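The values are calculated or read from the model by the stated rules, or taken from the named source; none is laboratory data. If you're wondering where the values come from, they're calculated on a predicted model, not measured in any experiment. Here Cβ is always computed from backbone atoms with ideal geometry, including for glycine, and neighbour counts include all displayed protein chains. Please note that ligands, DNA and RNA were not included when accessible areas were found on the heavy atoms of the full protein model with its side chains. Shrake-Rupley method; radii C 1.70, N 1.55, O 1.52, S 1.80 Å.
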Amino acid sequence: TIAAHRAKRYRKFNSIADLCCGIGGDAIALAQNANLLAVDINPNRLAITRWNAQIYNTDIHPICADASTFIPNCDAIFFDPSRRENNRRLLSLQDYHPPVNTQHLQSVTPHIGIKVAPGLPEKDIPPDCEIEFISENGVCKEAVLDVGDLRKETSRRATLLPGNHTLIHRPTPKIPIQPPGAYIAEPDNAVIRAHLIDQIADDLNAW
């Protein structure tokens, strides 16, 4: 569900590099409308990607390489670095495997999406990007940094799947603080993590 949602942003591009493709969940979705180059350092994961692509009758081009030093020529990049080490979730972009080097990625193309942990510190969010927090069935599962033409009309977005509901950052009047009324609404964690509580309160005429 999330891969299909993400692939919609990439429809305008003819060639896409999926860096650190893993077993191909995103690669298969991205390859529906583009020439897909799937890069991973682990040959076993690439073998699983090939198998999954065959099952879904999808044409991809697997490349066994280290994404920290090799990026194929392409129109857009989706980068999914490892965010765990010794069962511990890594939060800083520089601690990911491989580390996130935006200058290195932008030497190939300005149109980049980077999958990050939902708990990414605010100070690590690059300027001039859109960060989208994605929730599936009430669980905030991931966040993505989009730059270049992958960025849409906002700097922050919360998306709730599978209903495809989305809430974006916008100028909002100051929301009053008052005692509870007849109903209490608890926003989805993606809305909370995206700091869009004021926006949804304004939409609901809530406080």
Report task. Filter the range 171-207 down to residues that are under 28 Å from LYS8 (Cβ atoms), assigned to a loop (DSSP other than H, G, I, E, B), open to solvent by less than 70 Å² (accessible area, probe 1.4 Å) and not polar (S, T, N, Q), then give me how many there are. Result -> 4
Query raised in the report: Out of the range 106-124, which residues are under 21 Å from ASP18 (Cα atoms) and either open to solvent by 40 Å² or more (accessible area, probe 1.4 Å) or over 14 Å from the mean Cα position of the chain (by Cα) (or both)?
Result: GLN106, SER107, VAL108, THR109, PRO110
Report task. List every residue pair whose Cβ atoms lie under 8 Å apart, where the two residues are 6 or more positions apart in sequence or sit on different chains, the first residue falls within the range 89-100 and is in contact (Cβ under 8 Å) with a residue 40 or more places away in the chain, and the second residue, located anywhere, is of a type in the set (A, V, I, L, M, F, W, C) and assigned to a loop (DSSP other than H, G, I, E, B). Result -> PRO98/CYS20; PRO98/ALA67
Requested in this report: Give the range 125-170 a look and list any residue that's in contact (Cβ under 8 Å) with a residue 40 or more places away in the chain, open to solvent by less than 10 Å² (accessible area, probe 1.4 Å) and aliphatic (A, V, I, L, M), or say none.
Outcome: ILE131, ILE134, ALA143, VAL144, LEU150
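Taking the options ILE71, ILE23, ILE48, ILE63, name whichever one is β-branched (Val, Ile, Thr), in contact (Cβ under 8 Å) with a residue 12 or more places away in the chain, part of a helix (DSSP H, G or I) and open to solvent by 20 Å² or more (accessible area, probe 1.4 Å).
Values: ILE71 fails: part of a helix (DSSP H, G or I); ILE23 fails: part of a helix (DSSP H, G or I); ILE63 fails: part of a helix (DSSP H, G or I).
Exactly one residue qualifies, and that residue is ILE48.
Can you tell me which residue is farthest from ILE23 (Cα to Cα) among those in the range 51-60 that are open to solvent by less than 50 Å² (accessible area, probe 1.4 Å) and hydrophobic (A, V, I, L, M, F, W, C)? Spell out the reasoning first.
Kept after step one, since they are open to solvent by less than 50 Å² (accessible area, probe 1.4 Å), are these residues of the range 51-60: 52-53, 58, 60.
Next, only the ones that are hydrophobic (A, V, I, L, M, F, W, C) stay: 53, 60.
Values: ALA53: 9, ILE60: 12 Å.
By that ranking, first place goes to ILE60.
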